[in-house]
1. Looking only at the range 178-225, which residues are open to solvent by less than 10 Å² (accessible area, probe 1.4 Å), over 17 Å from Ala114 (Cβ atoms) and among the hydrophobic types (A, V, I, L, M, F, W, C)?
2. So, in the range 160-203, exactly how many residues are under 15 Å from the mean Cα position of the chain (by Cα) and either among the polar types (S, T, N, Q) or within 16 Å of His88 (Cβ to Cβ) (or both)?
3. Taking the options Ala38, Ala93, Ala30, Ala49, name whichever one is closer than 18 Å to Ala126 by Cα, at pLDDT below 50 and either out of contact with any Cys (no Cβ under 6 Å at 6 or more places or on another chain) or polar (S, T, N, Q) (or both).
4. Can you give me the number of residues within the range 87-122 that are within 24 Å of Arg142 (Cβ to Cβ) and either assigned to a helix (DSSP H, G or I) or not polar (S, T, N, Q) (or both)?
5. Gly256: surrounded by 20 or more Cβ atoms within 10 Å (Cβ to Cβ) and assigned to a loop (DSSP other than H, G, I, E, B), yes or no?
6. If you go through the range 83-131, how many residues are under 17 Å from the mean Cα position of the chain (by Cα) and open to solvent by less than 20 Å² (accessible area, probe 1.4 Å)?
7. Looking only at the range 136-159, count how many residues are touching a Lys or Arg at 6+ places or on another chain (Cβ under 8 Å), part of a helix (DSSP H, G or I) and closer than 26 Å to Glu124 by Cβ.
8. Quickly run through the range 226-242 and pick out the residues that are of a type outside the set (Ser, Thr, Tyr) and either surrounded by fewer than 17 Cβ atoms within 10 Å (Cβ to Cβ) or within 21 Å of Ala96 (Cβ to Cβ) (or both).
Amino acid sequence: MSSPSRRAVLRSASGAVAATTCGVGCGHHADSSSSRPAGPSETPSSGAASDRATPAGHAPRGPVRFPGLPPRIAHGPRDGSAVALTFHGQGDAELARSLLSEAERAGARVTVLAVGTWLDERPEMARRVLDGGHELGNHTMRHRAVCALPADEAYAEIDECAERLRRLTGTIGSWFRPSQARTATDLVTRLAARAGYPHVLSYDVDSLDFQDPGPDAVRDAVLGQVRAGSVVSLHFGHSGTLTALPAVLDGLRRRGLRAVTTTELMHSDGAAATAGPRRRTETG
């Protein structure tokens with residue numbers, strides 16, 4: 001287990017990166033798990049649905065609290081061999097299904113942060129994500145600039161998507177990531193905790209795939225930045241991302257890295273996760 005001084009450092013890092021403004025860091029167009037980790041306590045969630053999207057043989061999974069880690073997380077432990085590929089869940093469902101199948105062929109598991117309106121339009125995608133051994137999370141209800149909203153509207157964006165997830169899967173999902181923001185404000189972080197998410201997910205590798213730069217550029221952006229513990233931001237709904245994925249996964253394999261869910265990545269005692277630096281804003 002990590003020493004008290006290690007945990008103190010992590011908690012200190014959490015406070016040191018309190019963001020007062022949010023850039024539009026998600027980048028997605030506005031119009032549109034496997035083994036349970038032992039140790040951290042799981043945040044309970046309620047709700048029942050006859051058509052829950054639960055993989056055969058697995059109980060529904062909700063957010064996990066990782067003691068000692070800050071409320072805003074941008075990467076996992078740097079001393080392992082795992083990375084997390086995270087996808088903003090919105091856009092063409094056929095592209096999304098193809099991308100999930102491509103990941104599964106390579107033995108990769110990913111994290112999908114779904115927009116609530118997308119789940120309303122494509123509720124079957126919740127089952128598809130979980131049946132593939134991946135994890136599903138919350139990316140707000142309507143993909144508004146959540147960090148710029150008044151508290152009641154921001155909370156509604158988080159809570160309404162959480163309700164969609166609960167209805168479809170039995171839980172509020174594994175993670176919350178703010179929409180149109182790379183790093184959550186203090187307010188949004190508190191609102192997410194109120195909704196049941198002990199940690200807010202950011203990322204340290206931006207693929208910029210939402211700009212549709214072409215598959216080679218997406219591959220180079222990911223492989224040029226990724227290292228052990230990285231959380232990579234990618235998007236459904238972009239054909240270049242699907243085309244780039246095999247080369248990305250092959251590049252990770254050649255470096256001795258493997259793609260796992262974000263929960264699996266973070267399940268490491270004393271993992272050095274921080275909210276990461278605030279960087280330039282992105283539009284979308």
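1. Residues satisfying the conditions are Ala184, Val188, Val205, Val218, Val222.
2. Matching residues across the range 160-203 total 19.
3. Working: Ala38 fails: closer than 18 Å to Ala126 by Cα; Ala93 fails: at pLDDT below 50; Ala30 fails: closer than 18 Å to Ala126 by Cα.
Testing whether each residue is closer than 18 Å to Ala126 by Cα, at pLDDT below 50 and either out of contact with any Cys (no Cβ under 6 Å at 6 or more places or on another chain) or polar (S, T, N, Q) (or both) leaves just Ala49.
4. Filtering the range 87-122 down to residues within 24 Å of Arg142 (Cβ to Cβ) leaves 87-97, 99-100, 110-122.
Pick out the ones that are also either assigned to a helix (DSSP H, G or I) or not polar (S, T, N, Q) (or both) and you get 87-89, 91-97, 99-100, 110, 112-122.
Of the residues in that region, 24 qualify.
5. On the way: surrounded by 20 or more Cβ atoms within 10 Å (Cβ to Cβ): no; assigned to a loop (DSSP other than H, G, I, E, B): yes.
Against the criterion (surrounded by 20 or more Cβ atoms within 10 Å (Cβ to Cβ) and assigned to a loop (DSSP other than H, G, I, E, B)), Gly256 does not qualify.
6. Going through the range 83-131 one residue at a time, the tally reaches 25.
7. Of the residues in that region, 1 qualify.
8. Initially, the range 226-242 is screened for residues of a type outside the set (Ser, Thr, Tyr), giving 226-229, 231-232, 234-238, 240, 242.
Across the range 226-242, the qualifying residues are Arg227, Val231, Val232, Leu234, His235, Phe236, Gly237, His238, Gly240, Leu242.
The values are calculated or read from the model by the stated rules, or taken from the named source; none is laboratory data. Remember, predicted model here, so these are calculated numbers, not experimental data. Quick reminder, even Gly has a Cβ in these numbers, built from the backbone with ideal geometry, and neighbours come from all protein chains shown. The protein model used for the area step is the full one, side chains on, heavy atoms only, and it has no ligands, DNA or RNA in it. Shrake-Rupley method; radii C 1.70, N 1.55, O 1.52, S 1.80 Å.
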